[in-house]
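Since the structure comes first, as structure tokens, the remarks are kept for the end.
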Amino acid sequence: MMPERDLQYLADLAAQLRVDSVRAAAEAGSGHPTSSMSAADLMAVLFACHLRYDFDEPGNPANDQLIFSKGHASPLLYSLYKAAGVISDEELLSFRRRGSRLEGHPTPRLPWVDVATGSLGQGLPVGVGVAMAGRLERLPYRVWVLCGDSELAEGSIWEAAEHAGCEGLANLTAIVDVNRLGQRGPTRHGWDTGAYARRFGAFGWHTIEIDGHDPGQIDYALSDACNTRRRPTVILAKTRKGEGVLEVENREGAHGKALKDPDKAIDELGGPRNVRIEVRRPPSDAPPPYLFGTRPLSLPAYKVGEKIATREAYGEALAALGAARGDVVALDGEVADSTKTATFGEEFPERFFEMYIAEQQLVAAAVGLQVRGWTPYAATFAAFLTRAYDFIRMAGVSRASIRLVGSHAGVAIGEDGPSQMGLEDLAMLRAVYGSTVLYPCDANQTAALTAEMADVEGVSYLRTTRGATPVIYPPGERFPVGGSRVLRHSPGDRATIVAAGVTVHEALAAADELAAAGTPVGVIDLYSVKPVDSAVLIEAATTTGNLITVEDHRLEGGLGDAVMDAVSELGPRVVKLAVTGLPGSATPEEQLADARIDRHAIADAVKHSL
């Protein structure tokens, strides 16, 4: 049992955390104090007794990692930071104000926050990725994730639970604040912690059910988690929302609101305190992270005129990059034989992660791995990335640097039909904050861009093609992000065709057909869809006055709109060719023709624009 003195200290600390959560929300006039109050005892014991973290050196590789999956409990997190002495009371009371680091939900504007949270169901999947990194680094740090019971309804939580259980991630502990009440009323299982325990247990987790307001039970559970081997631990803590304040304790209708009478609530909690936490630092003699060997980069080279699928080139280039950079890791959604990530997996099995058909966990694991300084490439079919879009969106909010690769894009995949066709991916990825979107047309360009992505910050996306396409660029050329290539140009050009990926080859064929008929046109390979090469597009718009964009993608939000954004102020004529109908099954050539984005449709569009 804990000494009485320690129990009193923890009780005072938890009361202070509740008081400060109430104060912060009251000052802001909004926030989630009741969700913070329920988890105050849990976090008080974690910070005071178990967390190992150097706040002066948040990048210390031996630090434990803490993720608030229930990010709306941010007043509690910020109150913990105040108790640890890393923010002032004045900053605490700047909560939710314009320009404050203490946003409504945590973001990496604070140096001790690694990922943005607040979209529920994300923290545990990201925590799985951070825990996976611990195995690569061969370090004993622990990953602690505070979850809410409402978010256990999210499918992403169970993708995370299954992956962590199958991998035996013993360095991962989920602490679930089972306070019974969600936003509009009771949660699905209320206080039935056994219902949650049975689910986690089925996925191979060590489960512990406790009273989440008993410091002794909490301390025992956290110690038990640290001593558990070969499987992750979930602590299911029964708590009361709004604990300690009669007005809101275990009452519906108080979620997401500042308390009506904060002064009375503070008095009820025993008034303000000045309790400090001495968070223990990790051992000073902790070993450095394990580093994998490297050798000079030697990208694959393909002869001009060969026909190679860009997905093949991606797989071979990624393997070459893995040999050159020990920080590169690859993840795949159980389609590695199609995305060609299998090439990397065969050469570097320790750095290859099979995430199976769980696209949310695929992207979340990539985010978690980059938290620890790894350079992740995550691949699946372009169409399936739509399932993970919320994770991609939040990766942008986190300023996370991840590399996504979508294969089997567009109608050009052929007979598989519309369920397998990525036709919305360019729009989806262009809309993400700080994103980069790349769409190569040949194997050498793909290899160069795969290597280029390694040093791109933020969310980057490479779109690859299923079928073989002609190699048009010699090996060894550079293709910088934000660039383009002018493939046809003459002073007499009547129009300019702007294409990317598979449509570049259709555009070149159309240009040759038009030139033979006496109508010269320019062709631009806009391989960087975001950011675009505005200077080249503006020059083309100024000199020819007619731009024909052609893309194997929906009309909305893709290459055509990217071009329009760049040249709209000049007022040129822009004709956008894209997929507007609902495809069926057909050969790739038939699909391009039916979608009116093949060489003949391009030539017709040029003729009609003149």
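Just how far, in whole angstrom, is region 515-573 from region 299-368 if you go by their alpha carbon centroids?
Rounded to whole Å, the Cα centres lie 31 Å apart.
Applying a 10 Å radius around every beta-carbon, put 508-517, 39-48 in order of their mean neighbour count, most first. Walk me through the intermediate numbers first.
On the way: 508-517: 17.5, 39-48: 26.7.
Per-residue Cβ counts within 10 Å, averaged per peptide and sorted highest first, yield 39-48, 508-517.
What is the spin-label model distance, in nm, from S419 to E354 if the labels are put 7 Å beyond Cα along the C-beta direction?
2.3
What does the net charge come to around G584 if you take all other residues with beta carbon closer than 12 Å to its beta carbon, with K and R at +1 and D and E at -1?
Value of the local net charge: -4.
Span-like helices, the chain: DSSP H, alpha-carbon axial extent 20 Å or more, mean Kyte-Doolittle 1.6 or greater, which ones? Walk me through the intermediate numbers first.
Details: long enough: 4-28 (36 Å, -0.16); 123-137 (21 Å, 0.97); 310-324 (21 Å, 0.27); 502-516 (22 Å, 0.83).
Qualifying helices: none.
Under the Kirkwood approximation applied to all pairs of distinct alpha-carbon atoms, what is the hydrodynamic radius of region 44-90 in Å?
Values: mean 1/r = 0.0857 Å⁻¹.
Computed over region 44-90, the radius equals 11.7 Å.
Could you order the peptides 283-291, 202-210 from most to least packed, using the average number of other C-beta atoms within 10 Å per residue?
On the way: 283-291: 11.2, 202-210: 19.1.
Order by mean packing, descending: 202-210, 283-291.
To make sure I understand, if each residue's beta carbon is the centre and we count other beta carbons within 10 Å, what order do K607, K82 fall in, fewest to most? Please list the in-between numbers first.
Working: K607 13, K82 21.
Taking fewest neighbouring Cβ atoms as first place, the list is K607, K82.
List the residues whose amide H sits under 5 Å from the amide H of R101, counting only those 5 or more places along or on another chain, with H placed 1.01 Å from N in the peptide plane.
Close amide H contacts, sequence-distant or interchain: none at all.
Please figure out what share of the DSSP beta bridges in the chain is antiparallel and state it in percent, rounded to the nearest 5.
Working: 9 of 68 bridges.
Once the DSSP bridges in the chain are tallied, antiparallel ones form about 15 percent.
What number comes out for the charge environment of T380, summing +1 per Lys or Arg and -1 per Asp or Glu over other residues with Cβ under 15 Å away? Walk me through the numbers on the way to the answer.
Working: positive: R311, K340, R387, R403, R463, R466; negative: E159, D332, E334, D337, E354, E359, D416, E424, D425.
So the environment of T380 carries a net charge of -3.
For region 102-201, which trypsin sites (Lys or Arg not before Pro) are in a loop by DSSP, counting at most 16 other Cβ atoms within 10 Å?
Values: sites: R109, R135, R138, R142, R180, R184, R188, R198, R199; in loops: R109, R138, R142, R180, R184, R188.
Taking region 102-201 and a limit of 16 other Cβ atoms within 10 Å, the loop trypsin sites (Lys or Arg not before Pro) found are R109, R138, R184, R188.
What does the helix-only formula give at 222 nm for the chain: each DSSP H stretch with n ≥ 4 adding -39500 (n - 2.57), the total divided by the residues, and the result rounded to the nearest 500 deg cm²/dmol? Before the final figure, lay out the partial values.
Details: 22 runs with 226 residues, N = 610.
Mean residue ellipticity, 222 nm, calculated: -11000 deg cm²/dmol.
Find how much the distance from R251 to E57 grows on full extension, using 0.36 nm per residue of separation minus their present alpha carbon separation; answer in nm with one decimal. Don't jump to the answer; show the numbers that get you there.
On the way: separation 194, 0.36 × 194 = 69.84 nm, distance 4.06 nm.
Extending this stretch completely gives an extra 65.8 nm.
Can you give the percent of C-alpha pairs in region 485-609 whose distance is more than 25 Å? If you can, show how the numbers build up before the last one.
On the way: 1229 of 7750 pairs.
That fraction is 16 percent.
Which whole-number value in Å³ per residue fits the convex hull of the alpha carbons of region 1-154? Intermediate results must be reported in sequence, preceding the final value.
Numbers: hull volume 18.6 nm³, N = 154.
Dividing the Cα hull volume of region 1-154 by its residues yields 121 Å³.
Over all distinct alpha-carbon pairs, what is the Kirkwood Rh of region 1-59 in angstrom? Walk me through the intermediate numbers first.
Numbers: mean 1/r = 0.0783 Å⁻¹.
Result for region 1-59 stands at 12.8 Å.
Using label points projected 7 Å from each Cα along Cα→Cβ, tell me how many nm separate R229 and E91, to one decimal.
4.1
So, how do all the Cα-to-Cα distances of the chain break down into 20 Å bins, in percent, from 0 on up?
Once binned at 20 Å, the Cα pair distances of the chain give 20, 44, 27, 8, 0.
Using a 10 Å cut-off around each Cβ, can you sort R52, R276 from fewest to most neighbouring Cβ atoms? List each step's numbers first, then the result.
Working: R52 17, R276 13.
With the sparsest Cβ surroundings first, the list reads R276, R52.
Could you size up the charge dipole of the chain around its Cα centre, putting +1 on the beta carbon of Lys and Arg and -1 on that of Asp and Glu, and report it in debye to the nearest 20?
My answer is approximately 520 debye.
Output the relative contact order of the chain, whole-number percent, from Cα pairs under 8 angstrom with separation of 6+ residues.
Relative CO of the chain lands at 12 percent.
Could you quote the convex hull projected area for region 258-370, Cα atoms only and averaged over all directions, in nm²?
Numbers: hull surface 57.8 nm².
So the Cα hull casts an average projection of 14.4 nm².
Mind checking the log10 I(q)/I(0) for region 188-342 at q = 0.12, 0.13 Å⁻¹? Debye, one equal scatterer per Cα, no solvent, two decimals.
Taken in order of the listed q values, log10 I(q)/I(0) reads -0.88, -0.93.
Can you give me the Rg/Rh ratio for region 307-470, using Cα atoms for both radii and the Kirkwood formula for Rh?
On the way: Rg = 14.0 Å, Rh = 15.1 Å.
We get a ratio of 0.92 for region 307-470.
Between V304 and D512, what is 0.36 nm times their sequence separation minus the Cα-Cα distance? Round to one decimal in nm.
My answer for the length gained is 73.1 nm.
Just the Cα atoms of region 4-268, one point each, no solvent: what log10 I(q)/I(0) does Debye give at q = 0.10, 0.11, 0.17 Å⁻¹?
Results for region 4-268 at q = 0.10, 0.11, 0.17 Å⁻¹ read -0.44, -0.54, -1.39.
Restricting to lysines 8 or more places apart or on different chains, can you count the pairs in the chain with Cα atoms under 18 Å from each other?
Value for the chain: 9.
Rg/Rh for region 392-546: what does it come to with C-alpha atoms and Rh from Kirkwood?
The Rg/Rh ratio comes out at 0.99.
Using only the alpha carbons of region 123-259, determine the length spanned along each of the three principal axes and report them from longest to shortest in whole angstroms.
48, 32, 27
Each value in this text was obtained by applying a stated rule to the coordinates, not by laboratory testing. None of the values given here were measured: they were computed from a predicted structure. Please note: Cβ atoms are built from the backbone with ideal geometry, for glycine as well, and neighbour counts cover all protein chains shown.
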